[in-house]
There are 2 protein chains.
Amino acid sequence: MAQHTQQLRERLAHIEDLNAAASVLEWDQQTMMPTRGAELRSEALGTLTRISHEMFIAAETGRLLEAATAELNGDAGSDDARLVKRVRRDWDKATRVPTELAAELARAASVGQEAWVAARRDDDFDAFKPHLEHNLELARRYAACLDEFEGPYDALLDDYQPRMTAAEISALFDQLKAELVPLIAETSARSDDGALLRERVPTEAQRRLVDEIVGMMGFDRTGWRLDDTVHPFATSFGPSDVRITTRWDEDYFPTALLGAMHECGHGLYEAGIATDLQRSPLGRVDSLGLHESQSRLWENMVGRGRAFSGVLAGRISEAFGGRFADLDPDALFRALNRVHPSLIRIEADEATYGLHIVLRFELEQELIDGRLSVAELPEAWNARMHDYLGIEVPSNAMGVLQDVHWSAGLIGYFPTYALGNMIAGQLWAQVHAEVPGLDDQIAAGELSGLRGWLGEKVHRHGARYTTEELLERVVGGPIAVEPFVAYLKTKLGDAYGVALT
Amino acid sequence: MAQHTQQLRERLAHIEDLNAAASVLEWDQQTMMPTRGAELRSEALGTLTRISHEMFIAAETGRLLEAATAELNGDAGSDDARLVKRVRRDWDKATRVPTELAAELARAASVGQEAWVAARRDDDFDAFKPHLEHNLELARRYAACLDEFEGPYDALLDDYQPRMTAAEISALFDQLKAELVPLIAETSARSDDGALLRERVPTEAQRRLVDEIVGMMGFDRTGWRLDDTVHPFATSFGPSDVRITTRWDEDYFPTALLGAMHECGHGLYEAGIATDLQRSPLGRVDSLGLHESQSRLWENMVGRGRAFSGVLAGRISEAFGGRFADLDPDALFRALNRVHPSLIRIEADEATYGLHIVLRFELEQELIDGRLSVAELPEAWNARMHDYLGIEVPSNAMGVLQDVHWSAGLIGYFPTYALGNMIAGQLWAQVHAEVPGLDDQIAAGELSGLRGWLGEKVHRHGARYTTEELLERVVGGPIAVEPFVAYLKTKLGDAYGVALT
């Protein structure tokens, strides 16, 4: 390997080591850390982030990028070329963000999350307000450093869904909303009441089920952990140390089951990245939309799917017993696909979920642009919940305070969830076209065919390709709404015995 | 605060943040990490350690030390002055060790520990021999960088017990040995057989007991964690995030109980350091001997003490029931204070423990000085086990291969364990002189008087004072053998109804 390219790779590996260390500290903060550890944790995370940022934006990184570019001799297709191109773009962005601002963003995110936990618990939006205002101000200052974007929101969005614009997402979301509103109207009226899922199930029985299902998906104790947390997430410190989390609700077991399948979907992506991309920016995932496609696919298309319902019903019967003995797969399938406007995004069904995202996408743009103040946010939230989903929000804890994202400074993140659904729809259609008998495999509890196809087509590449390049290679085009909507209509039509067009 | 002193403090705070991050990664590795995470964890830890070291030895640190010294204007008693003096000494040492040697020491420690695990498992000293020889050679090269010490062993010792010399420790150990040998002879003949402690107790019952006892000591869920591990340890990431660990043996419950009290003693030190010393080298503990005094005091003087035996017996009866219902405090006290020469240091009683340390202290000096070759070590070990403790060593696995320290390059570490016992003896005598009715408090399960005194006199100062200064302030003199021996004679005399003089 050329000398400067090798030096660049080594420098980037050390930066990835620091980022991995920060991820360990964040995982610990969410799952293990005693509450009083928060203040010093914020300091440690701030310092790690600052040093990583300083090493990345250093002139030496720029010099190595120039020298490595020269060594490429015009080559554009190799991993080296892809690495240099990707890092060059990130470096051009990062060098324009002052180190102090980057550290303050990290510190405020950590402090904000602790404040959010307390505010949600106490249903006290006022206590959270200054933290959100500070996060928004920092986000605006961050966006102001990057003048190549149309507006501040596009600059923020680029960190989560690179190269995509709010205008492009709006076009997709308009199309999605136009499909979802009538679909919700038609299906929610016929929907199962979901009472089956609200039978009380002790956490220990739920743990047995979840361990078994994620084990079928590919969770492996030698390289994975599953822990409890308030707001579930997945992270990894390399493909051989994947950490997923879930939370347990004894009155609604799908929270843990489908949450764990969701995070395990994310984890399979991280675990599947080729080991020769470890400790490199190519060992990441290009966009959150792409990452989310994997969690959505496993949670919704497998976990809530017709094909898997027999296996799942059997495993539930074994793990829970009692009222769940001899559970009818059809009844489970209908209950898991209840369409019902509700308050909490992470508990929403697949049809209404998109509208939760559209609402957040709109509100966060308005907050960043200054069209909406933080003081006005709860009222705006509640009004839009009424308009889009027809429901009243009884408390801020059940409304505007339900999600961690804004407390952690993650603005521009929400739309990637809905993009994930769209990409999952595209991949789901493609894998069915390429793997004969896939539904039969899934119905037999054999998930390795699906996992293998995703690993081969998507996971192993890490961030070697952009999201656009990867989708072009795998499904032959850009992000599209149609396959997701077609999948949803087919499934809900099947569940409720009605033709949805 | 003077400008350069402030800059120095900020630089040191960032270094402490990196060290805290490394401690989180190490804690996670010992308690949580899936096995396949080890390889990348080593990379991340290596990078954190290297960056922290580079920041510390940088010329900028030296420049700030000079400027801060000038700003002190001859002041020597303030925290600023103490900080500058301490850091100056560490910087003068660290800057004389070549980076290549530091890296090789770390690498050899890691490789050596792996080799040790296998060698102990296979009882194969020959396989371990080249690793120990390499570690000794590196230790000699390290010591050779530091020419202010009398000999290589003093240079190594300084990293664990700063400013103390082998000659000083030899004098203390000669005195200790002269006291312990007849004491062991007199007590081991009358000793309890300890059968009471070998009743089988399920881990869950042990957990209830341990939670209750460490709670009485001051463990607090808002700022502490207790987790399981193979090799118990305590660590902290600041005084409000203390992590202790223990291991569980269903056939010998004192392993977990006294191990947890030991680590909780360490944890109370870390938790008690004044918050204004956080993120500073003054927020550490000056010496391992001082740190160990706290673990030994809580484990042995409280946990195995007469005063606490009634409370402990009651709590054991409640937690374990069965054979332990109505447990007699006297029987428990005698069993916990069995004196019995044995092979394994970490299982040794308080009287024989000191001889295990004297043996190691003598052998490691002879190894470093070249008076003893590694090839001769097993025979020398076994001969001294016979001379000092009167027992035959059946295998190297139960003898010279039992401890991890030498495999990890920790040479000069062992004597701090016995120094900890001596300091604990001094503090135990002093707190009884200063706190009226202390034994009555302890007998009533009220441990806050003891904890408060230790916090006020010892913990809150962190590394503000040297070990010598602190002992001068608190007990009026340097490390001494007499109080420990007097304590032990009183306790064992009490346990076995004999006057020990």
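The values are calculated or read from the model by the stated rules, or taken from the named source; none is laboratory data. Only a predicted model underlies this, so the values are computations on that prediction, with no experimental measurement involved. Quick reminder, even Gly has a Cβ in these numbers, built from the backbone with ideal geometry, and neighbours come from all protein chains shown.
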TODO: Mind listing whichever residues of the stretch A:26-40 are crowded, with 24+ Cβ neighbours inside 10 Å and at the interface with chain B (Cβ under 7 Å from one of its Cβ atoms)?
DONE: A:37
- [ ] Return the residue satisfying two criteria in turn: it lies in the stretch A:220-246 and is in a strand (DSSP E or B), more than 7 Å from chain B (Cβ to nearest Cβ) and in contact (Cβ under 8 Å) with a residue 40 or more places away in the chain, and of such residues it is nearest to the chain's Cα centre (by Cα).
- [x] A:234
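Which count do you get for residues in the stretch B:370-395 that are β-branched (Val, Ile, Thr) and either in a helix (DSSP H, G or I) or buried (at least 17 other Cβ atoms within 10 Å of the Cβ) (or both)?
2
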Open item on the list: Can you report the number of residues in the stretch B:473-501 which are part of a helix (DSSP H, G or I) and not hydroxyl-bearing (Ser, Thr, Tyr)?
Closed with: 15
TODO: Check off (1) acidic (Asp, Glu); (2) more than 26 Å from residue B:323 (Cα to Cα); (3) away from chain A (no Cβ under 14 Å) for residue B:250 and give me the number that stays unchecked.
DONE: (2)
Open item on the list: So in the stretch B:269-290, with the set limited to residues that are closer than 16 Å to residue B:417 by Cβ and part of a helix (DSSP H, G or I), which one is farthest from the other protein chains (Cβ to nearest Cβ)?
Closed with: B:289
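Being more than 30 Å from residue B:135 (Cβ to Cβ), in contact (Cβ under 8 Å) with a residue 24 or more places away in the chain and surrounded by fewer than 21 Cβ atoms within 10 Å (Cβ to Cβ) is the requirement here; does residue B:324 meet it?
Details: more than 30 Å from residue B:135 (Cβ to Cβ): yes; in contact (Cβ under 8 Å) with a residue 24 or more places away in the chain: yes; surrounded by fewer than 21 Cβ atoms within 10 Å (Cβ to Cβ): yes.
So residue B:324 passes the test.
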Open item on the list: Here is a list: B:249, B:286. Which entry is on the phi < 0 side of the Ramachandran plot, free of Cβ contacts under 8 Å to residues at least 60 places away in the same chain and surrounded by fewer than 24 Cβ atoms within 10 Å (Cβ to Cβ)?
Closed with: B:249
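Does residue B:451 qualify as being among the basic types (Lys, Arg) and surrounded by fewer than 16 Cβ atoms within 10 Å (Cβ to Cβ)?
Details: among the basic types (Lys, Arg): yes; surrounded by fewer than 16 Cβ atoms within 10 Å (Cβ to Cβ): no.
No: the conditions fail for residue B:451.
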Task: Members of the stretch B:22-53 found to be more than 16 Å from residue A:238 (Cα to Cα) and in contact (Cβ under 8 Å) with a residue 40 or more places away in the chain, listed by number - done: B:23, B:24, B:26, B:27, B:30, B:31, B:49, B:50, B:53
- [ ] Mind checking which helices (runs of 4 or more DSSP H) fall wholly inside the stretch B:116-214 and carry at least 3 residues that are at pLDDT below 95?
- [x] B:166-188
Task: Checklist (1) surrounded by fewer than 24 Cβ atoms within 10 Å (Cβ to Cβ); (2) within 19 Å of the chain's Cα centre (by Cα) applied to residue A:212, failing item - done: (2)
Open item on the list: Quick check on residue A:45: is it of a type in the set (A, V, I, L, M) and within 17 Å of residue A:105 (Cα to Cα)?
Closed with: yes
TODO: Starting from residues that are within 24 Å of residue B:424 (Cα to Cα) and β-branched (Val, Ile, Thr), keep the ones in the stretch B:252-282 and report whichever is surrounded by the most Cβ atoms within 10 Å (Cβ to Cβ).
DONE: B:273
- [ ] Considering each of A:95, A:61, A:49 in turn, give the residue that is among the hydroxyl-bearing types (Ser, Thr, Tyr), surrounded by 14 or more Cβ atoms within 10 Å (Cβ to Cβ), under 30 Å from residue A:134 (Cα atoms) and away from chain B (no Cβ under 14 Å).
- [x] A:95
TODO: Please work out which one of (1) crowded, with 16+ Cβ neighbours inside 10 Å; (2) more than 20 Å from residue A:176 (Cβ to Cβ) is the condition residue A:350 fails and give its number.
DONE: (2)
Task: Options B:102, B:20: the member that is crowded, with 16+ Cβ neighbours inside 10 Å, over 20 Å from residue B:145 (Cα atoms) and either under 27 Å from the mean Cα position of the chain (by Cα) or away from every other protein chain (no Cβ under 14 Å) (or both) - done: B:20
Open item on the list: Can you tell me which of (1) within 14 Å of chain B (Cβ to nearest Cβ); (2) more than 27 Å from the chain's Cα centre (by Cα); (3) modelled with pLDDT of 90 or more is the one residue A:81 doesn't meet?
Closed with: (1)
Task: Where residue A:13 falls short, out of the listed (1) facing chain B (nearest Cβ under 8 Å); (2) buried (at least 18 other Cβ atoms within 10 Å of the Cβ) - done: (2)
Task: Residues located in the stretch A:162-214, provided they are closer than 28 Å to residue A:285 by Cα and among the small types (Gly, Ala, Ser) - done: A:166, A:167, A:170, A:171
Open item on the list: Testing residue A:135 on (1) within 22 Å of the chain's Cα centre (by Cα); (2) farther than 19 Å from residue A:467 by Cβ; (3) in the same structural domain as residue A:490 (by TED's automatic domain parsing); (4) buried (at least 20 other Cβ atoms within 10 Å of the Cβ), one condition comes back false. Which one is that?
Closed with: (3)
